[in-house]
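Here the structure is laid out as structure tokens; the discussion comes afterwards.
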Amino acid sequence: MTAQSNITPESIVGDLRYLQLLSRSFPTIADASTEIINLEAILNLPKGTEHFLTDIHGEYEAFQHVLKNASGAVKRKVNEIFGNTLREAEKKELCTLIYYPEEKLQLVKAREKDLDDWYLITLNQLVKVCQNVSSKYTRSKVRKSLPAEFSYIIQELLHESSIEPNKHAYINVIISTIITTKRADDFIIAMCNLIQRLTIDSLHIVGDIYDRGPGAHIIMDTLCNYHNFDIQWGNHDILWMGAASGNDSCIANVIRMSMRYGNLGTLEDGYGINLLPLATFAMDTYADDPCTIFMPKMNFADAHYNEKTLRLITQMHKAITIIQFKLEAEIIDRRPEFGMENRKLLEKIDFDRGVFVYEGKEYVLRDTNFPTVDPANPYRLTEEERELVEKIHYSFMNSEKLKKHMRCLFTYGGMYLVSNSNLLYHASVPLNEDGSFKRVKIRGKEYWGRRLLDKADQLIRTAYFDEEGEEDKEFAMDYIWYMWCGPEAPLFDKDKMATFERYFVEDKELHKEKKGHYYTLRNREDICDRILEEFGASGPHSHIINGHVPVKTIQGEQPMKANGKLFVIDGGFSKAYQPETGIAGYTLVYHSHGMQLVQHEPFQSRQKAIEEGLDIKSTNFVLEFNSQRMMVKDTDKGKELVTQILDLKKLLVAYRTGLIKEKI
Ligand SMILES: O=P(O)(O)OC[C@H]1O[C@](O)(COP(=O)(O)O)[C@@H](O)[C@@H]1O
Ligand SMILES: [Mn+2]
């Protein structure tokens, strides 16, 4: 018996108002029936491919390349389609063209003697790849992805087979007309972009777009224009959201990290933050100070600076670090409930003897020049520092580009996501040693598990969106900073952030940041099951997907944990972390046949990729294989569609019984 035959007129009386609204979109029996047929058809298509990336940390070139090559899927398809009918070099050429059409076209045109012939062959090849990658989708979905100007032609080419003798001439005429009307370049670019777009149906970013690398703003630009994506906020993203909300400690932290890695591009070129006041202040204050321990980590930076600039960055680095410690103490004092009194460390310096006195032990300081610190009142900002903070604050609050990117983070982001029974979050759900959820007090109320993440999510939004001066907003602004480095924050969940110690103390023992119980307990299947259940994500295909902690592949660590229930996919896009991981990032791919992890080797550069066809080398590991191909009906989207179908069936009953009149 079909669902429709169960629907009686009486059973839909309560739905009539909604059905009236629905009838505006489907005014006749024919319209509603056609839509039901369309939706039923979609349910029986293979599930679209989801890609999961994390911890991109400003590495925009590697990020964009991975999107362009769909983590190796484009190459795989080209191989499948052309097998040994094309030479390896030709397949490589074709792939490079698909990834970087504009640039590759320039190179080809400079070299090619018979361009029309090249166009003809290439267009035919692209049509084949396009036909393959679009076969998973309905015509309507493909149509919606097409650039308006070529929509009709591409549809013709996609749906007509050139093997069919009657159509052979027709297709050739279309292609040769594209060439003779000098539209080939634009057409090729449109086809390549379409292939890229169709190979990744949806993209999940499991946090940490920002910091360390050179171009977080470029990644954000790419994402803002991407067709289907979501973001689970990482601690570094939150730090930027805190900075954009106007929290000066967060502002100081993001500037400090930019200086530490010698990557000023995001601040200066991306968001137009005026660093001149910091530069002049630093030059004056640390004129005779070598600031040795503040030399930026240039071995990982993309930029090249001359000696003078490098010296200036070093001085700025020291200046902002000291300011950060002072500003953070203000929050710690203002919020005793954060319990971070022990993180006020400037007062533990014996300035006369140049030592740091910590938990009864003394440590020689690696730098003893503190011209802006008054030992009697170490956290007081000097007049100049206060002015400087105000200027930088103003710059952050007035960056239009930063506002745009933050909006995107808020609209498409959150603390966690449940998608197709997978639970995605960047770092942790704090746990006690016995595996129970840790109860965390926020403004006198306890939160744990899912509610803790929900509360954090809500506070972060309050910090950014609420009116200036309101108490809730003030608290939320401070809490954002707590999220970055507070011991009970789900995005940190370590005993301390050892920033001071890592700069000023030699002894590595003090650099250690002890991770919360979550990070060891997540190796257990029963714990993961409990967390999944807490978030309503149980089922045979459910997994937890984390980033945040680099997987030390080089030491034999596996990204798959808890008997396959949890994946940690921080493979080290961040160049600074590649020596630790031994690889250059992972992409988790979830398609209709199962889940697979793609492990990337370091990416040289966009230029090399274009000129020498150097793709990222990647290795595939199948993590889970579905014995039955997953269809749209097995996904969250499918569940939505089933509800829509049911509603449309009710509408049909309403039409047929006269409860609602057709609008003919
Ligand atoms: O290596 P860096 O860039 O100095 O950063 C170290 C800091 O980054 C953190 O690991 C947080 O960043 P991640 O989220 O990338 O791990 C802190 O715990 C630590 O103090
Ligand atoms: Mn992180």
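The values are calculated or read from the model by the stated rules, or taken from the named source; none is laboratory data. The structure presented is a predicted model; accordingly, all values stated were derived computationally and were not measured. FYI the Cβ positions are ideal-geometry reconstructions off the backbone, even for glycines, and counts take in every protein chain you see. Calculation scope for accessible area: heavy atoms of the full protein, side chains included, ligands and nucleic acids excluded. Shrake-Rupley method; radii C 1.70, N 1.55, O 1.52, S 1.80 Å.
Below is a table of values for the structure above.
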item	result
For the chain, share of DSSP beta bridges that run antiparallel, in % to the nearest 5	70 percent
Degrees, to the nearest 10: 383-397 long Cα axis against longest axis of the chain	10 degrees
For the range 154-258, alpha-carbon Rg over 2.2 N^0.38 Å	1.74
Cα-Cα P(r), the range 518-645, percent of pairs per 10 Å interval	12, 33, 32, 18, 6, 0
Cα-based convex hull, the range 597-653, per residue volume (Å³, whole number)	158 Å³
Helix 276-285 axis, angle to the chain major axis (alpha carbon atoms, nearest 10°)	20 degrees
Viscosity 0.890 mPa s, temperature 25 °C, Stokes-Einstein D of the range 92-185 from Kirkwood C-alpha radius, µm²/s	172 µm²/s
Most to least packed among 289-301, 14-26 [average Cβ atoms within 10 Å]	289-301, 14-26
For the range 113-161: span of alpha carbons on each principal axis (Å, largest first)	39, 22, 15
Tilt relative to the chain, helix 73-82 - C-alpha long axis, 0 to 90 degrees, to 10	30 degrees
q = 0.19 Å⁻¹, the range 536-604: log10 I(q)/I(0) [Debye, one scatterer per Cα]	-0.74
The chain: relative contact order in percent, alpha carbon pairs under 8 Å with at least 6 residues between	20 percent
Rounded accessible area per residue of the range 369-434, 1.4 Å, Å²	47 Å²
Whole-number Å³ per residue for the convex hull built on Cα positions in the range 298-411	196 Å³
Cα shape, the range 377-441, gyration tensor, a/c 1.5 rule	oblate
Accessible area (Å², 1.4 Å probe, nearest 10) - F621	90 Å²
Long pairs among K297/K512; K141/K565; K473/K514; K47/K77; K68/K113; K445/K561, criterion Cα-Cα beyond 22 Å	K141/K565; K473/K514; K68/K113; K445/K561
Dimensionless Rg ratio for the range 215-288, taking C-alpha atoms and the 2.2 N^0.38 Å reference	1.28
The chain, accessible surface, carbon-and-sulfur percent (1.4 angstrom probe)	49 percent
Volume per residue that the Cα convex hull of the chain spans, once the total is divided by residue count, Å³	205 Å³
Rounded D (µm²/s) - the range 1-149, Kirkwood Rh over Cα pairs, Stokes-Einstein at 37 °C, 0.692 mPa s	164 µm²/s
Cα-only radius of gyration and Dmax that characterise the range 261-344, units Å	15.2, 46
